[in-house]
Amino acid sequence: MNPIVGWGLAFVALVAGWFSYGWQGVVMVASVIVFWLLLQFSRALRVMKNAAQAPKGEVGSTVMLNAKLKHGMTLMQVIAITRSLGDHVSESPDTWAWRDAGDSRVTLVFEGGKLSRWELHRPASSEG
């Protein structure tokens, strides 16, 4: 959800709480907003804790990761899927990469904080 929309809804809820129940309504709505923010913070900490326990930039299967990716995902959502922090490849555009044991690599490009494109690189087969 767009943060402007989220905070706009929170403001509307505060106004509705004021007109419905006075200051008690504002306190109740403020409590719900704080609870929601704590839930989001807890989720982010859990994702980062899980990612900190895995090798940086490694994933079980880049092919499976490639299949799970969708346009518009945030980096936090990708980290939750991979359970690993990615290797930061480039600052502009914001590019991250994950690899697997077979030396395949998925490179993700984020624009505006959202996943805009990605590419799966597989090593050339040495059969022959």
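The numbers here are math on the coordinates, done by the rules we state, and not lab data. Predicted, not measured: the structure shown is a model, and the values here were computed from it. Positions of Cβ are generated from backbone atoms using ideal geometry, with glycine treated the same way; all protein chains shown enter the neighbour counts.
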(request) For the stretch 29-36, just list the computed ³J(HN,Hα) in residue order, Karplus coefficients 6.51, -1.76 and 1.60, θ = phi - 60°, integers in Hz, with x standing in for Gly and Pro. (result) 5, 4, 5, 5, 5, 4, 4, 4
(request) Express in whole angstrom the spacing between the alpha-carbon centres of the stretch 13-29 and the stretch 51-104. (result) 43
(message) How large is the Rg to Rh ratio of the chain when both quantities use alpha carbon positions and Rh follows Kirkwood?
(response) 1.18
(request) Just add up the charged neighbours of VAL109: K/R +1, D/E -1, any other residue whose Cβ is under 11 Å from the Cβ of VAL109. (result) -1
(message) Give the lysines whose C-alpha is closer than 19 Å to that of LYS68, dropping any in the same chain fewer than 8 places away, or say none.
(response) LYS114
(request) Starting from the eigenvalues of the Cα gyration tensor, five times each then square-rooted, give me the equivalent ellipsoid semi-axes of the stretch 55-121, largest first, whole Å. (result) 17, 12, 11
(request) Could you check what % of the DSSP bridge pairs in the chain are antiparallel, to the nearest 5? (result) 95
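Using only Cα atoms, what is the ratio of the radius of gyration of the stretch 3-51 to 2.2 N^0.38 Å?
The value comes to 1.42.
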(request) Return the calculated 222 nm mean residue ellipticity for the chain, to the nearest 500 deg cm²/dmol, obtained by summing -39500 (n - 2.57) across DSSP H runs with n ≥ 4 and dividing by the residue count. (result) -16500 deg cm²/dmol
(request) Would you work out the relative contact order for the chain, in percent, from Cα pairs under 8 angstrom that are 6 or more residues apart? (result) 18
